[in-house]
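Scroll down for the structure; my scribbles are underneath it.
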Amino acid sequence: MKCQDCGQTLRKAEGDYLAETKELGSVRVPKIRWLQCPLCKGRYLPAGEITKVNNYIKVTVAQYLAACPISQFVSATKAGEILGVTKQAFSKNQRIKHGFIYAYPMDGKQYYLKESVQKFKETGDGRVPLSLAVHEPVASMKRSMKISRLALNPAEPSVHALAAGRAG
Ligand SMILES: [Zn+2]
C-alpha cells in the first residue's frame, strides 16, 4: 500500500493517537494502529481504528459531562424556552439530536448543558469547549490530555481513511 500523495510505501505504526476535537481540543487516544508515509508523515487509519477513536472521544465527552455540576443542566422544556421553541420542536431538531447541544441522561431523561444551549442559540453550534465548562477538573482526564498540533479531521489532507477493499 502506497501513500496517495507521494507514492512511498506505507509503514505500520501504532501508539497513542492525537485527535483534534471541537469538544475537548486535542485528545490522546491510546493503542491505535495506522499506516504512515515515511516521507510526508501522512497517516492512513483503517475504518475500525477510526471507530475506536470516535468511541473513545464519545466516552471521554460523556465523562466530562458527568463531571459538570447538575446545576449547569436544564430540562428539554427549559432548553426549548431558552431557544424560543416548544419542547416537541426542541426534541425533534436534527442538529440537536446529532449532538450540537450537549445532552446528558439522568433518571431516564435527557438534560442539556445550559451553556451549550446558549451557544447553540447564538451560533447554531452548542459544542462549547468542555475543558472550560468543567470547573472541577477530572484528575485522570487531565493526565490523558495533551496539547498538540496533530489533528484527526476529515478535511485534514494528511489523515486518510482506508476505505473497505482499498487496502493492500
Ligand atoms: Zn506521503
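Only the coordinates and a few stated rules stand behind these numbers; no lab work does. This is a predicted model, so every value here is computed, not measured. Glycine also receives a Cβ, built like all others from the backbone with ideal geometry; neighbour counts cover every protein chain displayed.
Side notes on the structure shown:
- Among residues other than Arg11 with Cβ under 13 Å from its Cβ, the summed charge is +4 (Lys and Arg +1, Asp and Glu -1).
- Charged neighbours of Arg33, selected by a Cβ distance under 14 Å, balance to +2 (K, R count +1; D, E count -1).
- In nm, spacing of pseudo-spin labels at Asp107 and Lys121 (7 Å Cα→C-beta vector): 2.4 nm
- Within-13-Å neighbourhood charge of Asp125 [Cβ basis; K, R +1; D, E -1]: +2
- Here the peptides 66-78, 22-34 are ranked by packing, the mean other Cβ count within 10 Å, and the order with the highest first is 22-34, 66-78.
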